[in-house]
Amino acid sequence: METKIYRILGLLWEHLRNQKDLFYDAEEIWSGLTSQGYSENDIAGAVSHIEKTHLELPGPFWSEALPVHRCYTDAEMIALNRSVRGYLWRLKCRGVIDHALEDEIVHKVMNLDEPAGIRETKTVAALTVFGYEHRANEEQNPTSKPGSYLN
């Protein structure tokens, strides 16, 4: 199981490198991975791994001086329930995300086809943070070449 998770993480990283703007589209990612023979449990395990390693520890944006409040629009207040807004607030309090990442996550969640609950929001947040960390690593080490594993 662990080997499959690492393979999926590698495929997600390659997908990020090829299609940066669509990285949060879980449906596209899921269908690409299932067409390669990975089960729903394998994919969920990989996303869970990303959540545990990227969203549960204090992050690079943590600061006692950083305000963590965000004013949501009326549409966001309707679409994003209290547990979703609370979850994003906790991520920002722990420094996992900053204001810009929170705005990006909210924008992506608001643009999903179906109303997003906590599960969808966690997936979007995990993939967004995962993507930014890998882009930063790629900018520091630009010698590797992208592949196209999910297409």
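For residues that are touching a Ser or Thr at 6+ places or on another chain (Cβ under 9 Å) and surrounded by 18 or more Cβ atoms within 10 Å (Cβ to Cβ), scanning just region 18-28, find the one that is modelled with the highest pLDDT.
In this case the residue turns out to be TYR24.
Where the second residue is modelled with pLDDT of 90 or more and not hydrophobic (A, V, I, L, M, F, W, C) and the first is over 13 Å from ALA125 (Cα atoms) and outside any loop (DSSP other than H, G, I, E, B) and lies in region 82-103, which pairs have Cβ atoms under 7 Å and are six or more apart or on separate chains?
Close Cβ pairs (under 7 Å, with a partner that is modelled with pLDDT of 90 or more and not hydrophobic (A, V, I, L, M, F, W, C)) do not exist here.
Show the residue pairs that are 6+ apart or on different chains and have beta-carbon atoms under 7 Å apart, the first residue being within region 21-41 and of a type in the set (Gly, Ala, Ser), the second being at pLDDT 75 or above and surrounded by 12 or more Cβ atoms within 10 Å (Cβ to Cβ).
Taking only residues 6 or more apart or on different chains, the pairs are ALA26/THR123.
Which pairs turn up if I take residues in region 112-127 that are within 16 Å of GLU76 (Cα to Cα) and surrounded by fewer than 22 Cβ atoms within 10 Å (Cβ to Cβ) and look for partners that are modelled with pLDDT of 90 or more and of a type in the set (Ser, Thr, Tyr) with beta carbon separation below 9 Å, at least 6 apart in sequence or on another chain?
Every condition considered, the pairs that remain are GLY117/SER83; ILE118/SER83; ILE118/TYR87.
The values are calculated or read from the model by the stated rules, or taken from the named source; none is laboratory data. This structure is a prediction, so every number in the text was calculated from the model and none was measured. FYI the Cβ positions are ideal-geometry reconstructions off the backbone, even for glycines, and counts take in every protein chain you see.
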